[in-house]
1. Criterion first (within 14 Å of the ligand (Cβ to nearest atom) and modelled with pLDDT of 95 or more) does residue 142 satisfy it?
2. Could you grab me the full set of residues in segment 249-272 that are in contact with a strand residue (DSSP E or B) (Cβ under 7 Å, 6 or more places away or on another chain) and aliphatic (A, V, I, L, M)?
3. Filter segment 216-251 for residues that are in a strand (DSSP E or B) and either surrounded by fewer than 24 Cβ atoms within 10 Å (Cβ to Cβ) or hydrophobic (A, V, I, L, M, F, W, C) (or both) and give the result.
4. Considering only residues that are part of a loop (DSSP other than H, G, I, E, B) and near the ligand (Cβ under 8 Å from one of its atoms), look in segment 176-215 and name the one that is surrounded by the most Cβ atoms within 10 Å (Cβ to Cβ).
5. Assess whether residue 86 counts as being surrounded by 16 or more Cβ atoms within 10 Å (Cβ to Cβ), among the β-branched types (Val, Ile, Thr) and touching a helix residue (DSSP H, G or I) at 6+ places or on another chain (Cβ under 8 Å).
6. Hey, could you check segment 156-175 for residues that are crowded, with 19+ Cβ neighbours inside 10 Å and assigned to a strand (DSSP E or B) and say which is farthest from the ligand (Cβ to nearest atom)?
7. Exactly one condition in (1) of a type in the set (A, V, I, L, M, F, W, C); (2) more than 8 Å from the ligand (Cβ to nearest atom); (3) touching a residue at least 40 places away in the same chain (Cβ under 8 Å); (4) in contact with a helix residue (DSSP H, G or I) (Cβ under 7 Å, 6 or more places away or on another chain) is not met by residue 236; state its number.
8. Mind counting the residues in segment 109-124 that are in contact (Cβ under 8 Å) with a residue 40 or more places away in the chain and either assigned to a helix (DSSP H, G or I) or over 19 Å from residue 79 (Cβ atoms) (or both)?
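The values are calculated or read from the model by the stated rules, or taken from the named source; none is laboratory data. This one's a predicted model, so the numbers in the text were calculated from it and none came from an experiment. Using ideal geometry, Cβ is built from the backbone for each residue, glycine included, and neighbour counts are taken over all protein chains shown.
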Amino acid sequence: MTIPATPDAHLMVGTRLARDILIRSAERAAALVGRTGRRPCLATVLVGDDPASATYVRMKRNRCHEAGIDSRYVHLPAGTGTAELVTRIADLSADPAVHGILLQHPVPGHIDERAAFEAIAPAKDVDGVTTHSFGTMAFGLPGFVSCTPGGIVRLLDAYGVDPRGRHAVVIGRSPILGRPVGMLLLARDATVTYCHSRTTDLPAIVGGADLVVAAVGRPNFVQGTWLKPGAVVVDAGYHPGGVGDVDFDAARAVAGMLTPVPGGVGPMTIAILLEQTVRAAEEQLGGAAADPLAAGRPRQPDQ
Ligand code: NAP
């Protein structure tokens with residue numbers, strides 16, 4: 001699906017595309033039930049009572065329900081230790097009734113988050129958080145991608161933004177966002193520069209970018225004056241009050257294309273999660289071949 005750019009704001013809106021992905025996922029989930037009598041099932045694991053995390057989990061479970069995907073909710077007390085969490089996730093990994101596992105993060109600081117992620121079986125890593133998934137994504141092999149990066153490249157594809165040969169600057173290098181989105185852009189033949197908290201003269205680097213991905217975690221951080229006129233700007237940030245990592249009004253006057261917050265990258269994240277859950281269930285239950293539009297599928301050089 002290719003969405004034409006709007007003439008004024010050049011906004012890359014994720015809500016419509018995400019809805020299309022959810023509808024397609026619901027159709028595939030229903031078809032799987034028809035073939036096997038089994039519904040896809042996503043296990044969501046929440047440790048503690050952080051209100052924002054609880055809201056994210058509730059949203060994901062609601063979307064599952066709408067798409068005909070079962071969700072199993074595992075809510076553990078804030079004091080849960082790493083060993084207990086790893087055991088609970090390993091149990092879900094071994095449970096044939098569960099096809100995908102989402103550990104809501106960040107987990108409380110005393111937990112070894114990486115150890116918990118690694119307890120997710122690669123075949124059920126529909127949130128794309130394990131080192132296995134990172135490796136397959138980086139090598140362009142079949143597997144699951146981290147959902148926000150996967151959603152970003154789907155959004156770029158839908159709006160006809162071809163990163164090939166363009167200078168992409170990714171601000172942020174977290175394992176679930178900055179790092180993988182840079183790898184996915186590299187796989188699409190962009191020339192990728194990573195920036196982070198130790199980068200010097202960030203505005204000058206951003207000023208040379210054809211494509212900017214802001215994944216910093218600081219509200220209104222990227223200034224309009226930093227941007228090259230006509231640049232494509234993806235704002236992956238989200239802060240209370242619907243504020244992103246980019247100063248939207250200033251960037252809008254300069255950018256060629258821009259994602260809004262909310263309604264840009266955010267809805268894509270959940271859509272990719274559900275799409276990958278259906279794909280995991282298809283693969284585990286012996287369903288149909290994966291959707292050719294699946295987020296993790298690397299683009300071939302001649303495409
Ligand atoms: P994170 O783990 O805190 O990573 C932030 C990155 O930004 C780090 O790599 C850090 O560099 C870099 N950074 C911090 N200050 C900087 C500065 N002054 N200059 C340049 N780089 C700087 O955050 P994250 O999990 O990747 O999330 C980033 C943003 O995306 C947040 O706003 C979050 O809410 C949002 N997010 C949205 C979704 C969604 O579904 N839409 C999903 C996930 C995250 P160092 O590595 O050097 O510390």
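1. Working: within 14 Å of the ligand (Cβ to nearest atom): no; modelled with pLDDT of 95 or more: yes.
Criteria not met by residue 142.
2. 251, 255, 257, 258, 261, 265
3. Residues of segment 216-251 that are in a strand (DSSP E or B), as a first pass: 222, 232-235, 239, 243, 246.
222, 232, 233, 234, 239, 243, 246 - these are the residues of segment 216-251 that are in a strand (DSSP E or B) and either surrounded by fewer than 24 Cβ atoms within 10 Å (Cβ to Cβ) or hydrophobic (A, V, I, L, M, F, W, C) (or both).
4. Among those residues, the one meeting the criterion is 215.
5. Values: surrounded by 16 or more Cβ atoms within 10 Å (Cβ to Cβ): yes; among the β-branched types (Val, Ile, Thr): yes; touching a helix residue (DSSP H, G or I) at 6+ places or on another chain (Cβ under 8 Å): yes.
Spelling it out, residue 86 is indeed surrounded by 16 or more Cβ atoms within 10 Å (Cβ to Cβ), among the β-branched types (Val, Ile, Thr) and touching a helix residue (DSSP H, G or I) at 6+ places or on another chain (Cβ under 8 Å).
6. By that ranking, first place goes to 168.
7. (2)
8. 2
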